[in-house]
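The structure appears below as structure tokens.
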Amino acid sequence: MPAQKMVPPDAKGAFTSLSAWVQGGVQAPEITIVDRPKSPREHAARALCRLSGNPEDVMFERRPMWMSFLEEVDVVLQMALSENAWRRLLAHDEEMAPAQSDTPEEFLNFADLAIHRAKATGRGRAETFMPALGDVAIARRAFVQELECAFKRDEFELFYQPQVNAQSGKLVGAEALIRWNHPQRGLLAPADFLDVLSESTLANSVGEWVLRTASARLAQWRAWGLDIRMGVNLFAAQFRTGRLLKTVSAALSDNALPPDALELEIVETILLRNDVTTRRLLQDIRGLGVRLALDDYGTGFASLSVLKRYPVTSLKIDRSFIVNIDKDPENAAVVNAIIYLAKSFGLDVIAEGVETVSQMDFIKDHGCGEAQGYLFGKPVAASAFECRYLRPGSAIVDACLLPV
């Protein structure tokens, strides 16, 4: 049923009393009250905060009595929730709804686009919807639909990049990296689609597929007698489904993998939420024996306390710090600090983006344990990875054979 047919006569006024001004990266204390719903309205409020999976995106400004806010727009909540479209609105006293929105669905789409823009331009920023963003919204929705079709048609594929011991140069693992075999544009790298995919409803399904596929491939390689591990990147959406622990456990048991052969990679933004649920989930996953790597470390806003609160086992130095590390004293200082920090916390450390011998010599001389980058090989399909690295007698894999 079209959204406009569900709106009572007075709902239009309720909508125009809301602001399309949305703010990214700010969490209001009032949000916590809806974590314990006691009435239908409170359940609606909880759904309001949870629909996008980002409760920090919703904020009731100048409304400490949040229930009175819900009473004012209760009819809008009922309509929007029934359409599964209510997202990320910031309540204001003045009217700021865009004139271009003729329906509630359009209004919410415009607000959704504005918050993506706010987040992309930095933390704690605000953006208003501008007509020029409408074309972007249309293109984004079309792209999401294309991604959904690609997943159904099995167009995604995993490539694998080697990870080596920085001291010996021997293979210790591989990172699974998604690629898209686009029927018209050819092979697409993550930079071409991952940002949109990670924020779509498809993210969890693709994330689970990546975990299952990479785990099965690792089991095959280990069956050949290779003592290596597999790195798998997680989407933020996978932390909000309640299924991640079960999915990880199934990946291990279905493939008879030792837990420490699997390393899940997470980004700092997931930890910055500092919520109890995420912390307990990671503790439970670590309790299985699975390794947890903090990816792109040093590029975000994570404080040292994150390393105390969360059970990470390794830090991955972002490639931006490895570039010109042998020439840039500031990059060198950052890398040295991360290596020292990792050792102080008893964590492993791996340098990403190593492309030259001089970069390798630097991280090796300064005690970095592992390395990954084009110096050792670009990400390649599973068959190519096997031919290059896993053949008996291959120089990079000789020291990785398990004792018979």
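Derivation of every value follows stated rules applied to the coordinates shown; laboratory data play no part. Nothing here was measured: the structure is a model prediction, and the numbers come from that model. Glycine gets a Cβ as well: all are built from the backbone with ideal geometry, and neighbour counts include every protein chain shown.
Here are a few things to note about the model shown:
- Entries of LYS152/LYS246; LYS327/LYS364; LYS152/LYS316; LYS316/LYS378 with Cα pairs more than 27 Å apart: LYS152/LYS316
- Cβ-to-Cβ counts within 10 Å put CYS149, CYS368 in ascending order as CYS149, CYS368, the fewest first.
- Rounded, prolate or oblate (a/c below 1.5 giving rounded, otherwise prolate when a/b exceeds b/c) for segment 145-400 by Cα gyration tensor: rounded
- Sorted by Cβ neighbour density within 10 Å, fewest at the top, the residues ASP328, ASP154, ASP348: ASP154, ASP328, ASP348
- Rounded, prolate or oblate (a/c below 1.5 giving rounded, otherwise prolate when a/b exceeds b/c) for segment 218-344 by Cα gyration tensor: oblate
- ARG243/GLN220 FRET efficiency (R0 30 Å; Cβ-Cβ; nearest 0.05): 0.75
- Computed E for ARG212/ASN165 - FRET, C-beta separation, R0 25 angstrom, nearest 0.05: 0.35
- Among the trypsin sites (Lys or Arg not before Pro) in segment 166-247, those located in a DSSP loop and surrounded by at most 10 other Cβ atoms within 10 Å of their own Cβ are ARG185.
- Under the convention that each Lys and Arg Cβ holds +1 and each Asp and Glu Cβ holds -1, the size of the dipole of segment 176-255 around its Cα centre is about 180 debye.
- Cα-projected label distance for LYS308 with PHE151, points at 7 Å along beta-carbon direction, nm: 3.9 nm
- Spin-label model, LEU288/GLU355: points 7 Å from Cα along the beta carbon direction are separated by 3.5 nm.
- Value of relative contact order over segment 145-400, rounded to a whole percent, pairs C-alpha under 8 Å and six or more apart: 21 percent
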